[in-house]
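For reference, the structure is listed below as structure tokens.
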Amino acid sequence: MVMTNGYGPQLQPGEYLTPEQVAAILPGLTLNSLAVRRHRHQEPTFCRLGRTILYPREGIEKWVESSTVEARRHGR
């Protein structure tokens, strides 16, 4: 969430993750694969502030949830 403090908006700590943090918490995801996904305009959503890339924590959580596959039981 962006809060204001009289001097202008400020990002709240912990609500945005760096690519390094995202790659560290999601197994099998590399910095390179995140860069490729950004280039292709694929999820997860991200913010580009100059040369800085930030991923909203909420966007990462939604992306993981939408990527979840339920196991099917083979019934006879």
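Give me the dipole magnitude in Debye, nearest 20, for segment 16-65 about the Cα centre, with unit charges on the beta carbon: positive for Lys and Arg, negative for Asp and Glu. Can you show the working numbers first?
Numbers: 7 positive and 5 negative charges, 55 e Å.
Here the size comes out at about 260 debye.
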task = Report the relative contact order of segment 16-65, percent, no decimals, based on alpha-carbon pairs under 8 angstrom and at least 6 residues apart.
result = 39 percent
inquiry  = If each residue of separation counts as 0.36 nm, what is the full-extension length gain between residue 51 and residue 18 once their alpha-carbon separation is subtracted?
reply    = 10.7 nm
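Quick note: the coordinates plus some simple rules give every number you see, no bench work behind them. Remember, predicted model here, so these are calculated numbers, not experimental data. All Cβ positions, even for glycine, are placed from backbone atoms using ideal geometry, and neighbour counts span all protein chains on display.
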